[in-house]
1. Against the conditions (1) surrounded by fewer than 16 Cβ atoms within 10 Å (Cβ to Cβ); (2) at pLDDT below 95, where does A:THR85 fall short? Just the number, please.
2. Would you call A:VAL34 within 14 Å of DNA strand D (Cβ to nearest atom) and open to solvent by 70 Å² or more (accessible area, probe 1.4 Å)?
3. Counting residues that are under 28 Å from B:ILE15 (Cα atoms) and in contact (Cβ under 8 Å) with a residue 60 or more places away in the chain, which helices (runs of 4 or more DSSP H) fully inside region A:22-117 reach at least 1?
4. Within the bounds of region B:35-44, is there any residue that is away from DNA strand C (no atom under 14 Å from the Cβ) and more than 14 Å from every other protein chain (Cβ to nearest Cβ)?
5. Give the number of residues within region A:68-85 that are within 11 Å of DNA strand C (Cβ to nearest atom) and closer than 12 Å to A:MET25 by Cβ.
6. Take A:THR64 and tell me if it is surrounded by 13 or more Cβ atoms within 10 Å (Cβ to Cβ), among the β-branched types (Val, Ile, Thr) and near DNA strand C (Cβ under 9 Å from one of its atoms).
7. When the residues of region A:1-21 are narrowed to those that are closer than 26 Å to B:VAL91 by Cα and touching a residue at least 40 places away in the same chain (Cβ under 8 Å), which ends up most open to solvent (accessible area, probe 1.4 Å)?
There are 2 protein chains.
Amino acid sequence: MYSKEILKGTLKPIILKLLQEQNRMYGYEITQRVKELTEGKINITEGALYPLLHKLEAEGVVTTDLENIGKRVRKYYKLTSDGSTIAQDLVEEFLDFMVTIKHVLDPNLKSGYGLSK
Amino acid sequence: MYSKEILKGTLKPIILKLLQEQNRMYGYEITQRVKELTEGKINITEGALYPLLHKLEAEGVVTTDLENIGKRVRKYYKLTSDGSTIAQDLVEEFLDFMVTIKHVLDPNLKSGYGLSK
DNA sequence: AACTATACATAAGAAAATTATGTATATTTG
DNA sequence: CAAATATACATAATTTTCTTATGTATAGTT
């Protein structure tokens, strides 16, 4: 696990990226998928996840539908068509940002392809 | 310029990395250096920078000394030896984190060296 | 039967940034 | 040479985003 402050600002791109790929996901599923993909290095907390999902719904980025699993209810989220554009843009911006910040934190790797300079 | 929320959590690693390289820098210099290195894509705001520098000083990560430039005063910051270790660790952690999050946002680039899989 | 996992939700508080404002000197430009 | 911009610090109010804690309830495992 990383120190807390390092995760800041990454939750939204992560969620939108996963929804882009999977089309339809519920909250708990998102937490598990991220844990899988990062080998346990990133654990999304519920207190961060659910409020953000609610906000994204309020903003029209995602829509929800409920599904009954036995006596429990799952809330599935999927991107709206607006949300799809927003997701694409934000993920792109984030990846671009990571290249940019590498120029500061790791200036030897100019292009990301090694010793090309 | 990136959307505001994307910069979150990156300021501290940036500052510590620069201090690691330059040994001694003042606040305004840091903002300009980051602008240079990122071709204007990252602009550190003063309201974020100065309070963080003050906090780092209070924590013993950096020390300061004042220098008179004409009638103006510059406040130079440098890493303490503790700060040096902290800087190293945080920058490493951040770079590791970026690799991890790429597994989520850009799963085709497993290793960062292209089509190695 | 007790513990862990699944599945949602919210509330209080902390942390980190934005935005706005303030002060003052130095340099450039029209 | 006056005005605008750049240099250089600082802080306060507010917002955003996350942590930590708590709550409820069903399902599966030991």
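The values are calculated or read from the model by the stated rules, or taken from the named source; none is laboratory data. Because the structure is predicted, anything quoted here is derived from the model rather than measured. Glycine gets a Cβ as well: all are built from the backbone with ideal geometry, and neighbour counts include every protein chain shown. All accessible areas refer to the heavy atoms of the entire protein, side chains included, with ligands and DNA or RNA removed. Shrake-Rupley method; radii C 1.70, N 1.55, O 1.52, S 1.80 Å.
1. Just one mismatch for A:THR85, condition (2).
2. Details: within 14 Å of DNA strand D (Cβ to nearest atom): yes; open to solvent by 70 Å² or more (accessible area, probe 1.4 Å): no.
It is false that A:VAL34 is within 14 Å of DNA strand D (Cβ to nearest atom) and open to solvent by 70 Å² or more (accessible area, probe 1.4 Å).
3. Numbers: elements: A:27-37, A:46-58, A:81-105.
Ranges flagged: A:81-105.
4. no
5. Final tally of qualifying residues: 4.
6. Working: surrounded by 13 or more Cβ atoms within 10 Å (Cβ to Cβ): yes; among the β-branched types (Val, Ile, Thr): yes; near DNA strand C (Cβ under 9 Å from one of its atoms): yes.
The answer is yes for A:THR64.
7. Filtering region A:1-21 down to residues closer than 26 Å to B:VAL91 by Cα leaves A:1-15, A:17.
Within this subset, residues satisfying the condition of being touching a residue at least 40 places away in the same chain (Cβ under 8 Å) are A:1-2, A:10-13, A:15, A:17.
On the way: A:MET1: 150, A:TYR2: 33, A:THR10: 4, A:LEU11: 29, A:LYS12: 53, A:PRO13: 3, A:ILE15: 0, A:LYS17: 33 Å².
Per the stated criteria, the residue is A:MET1.
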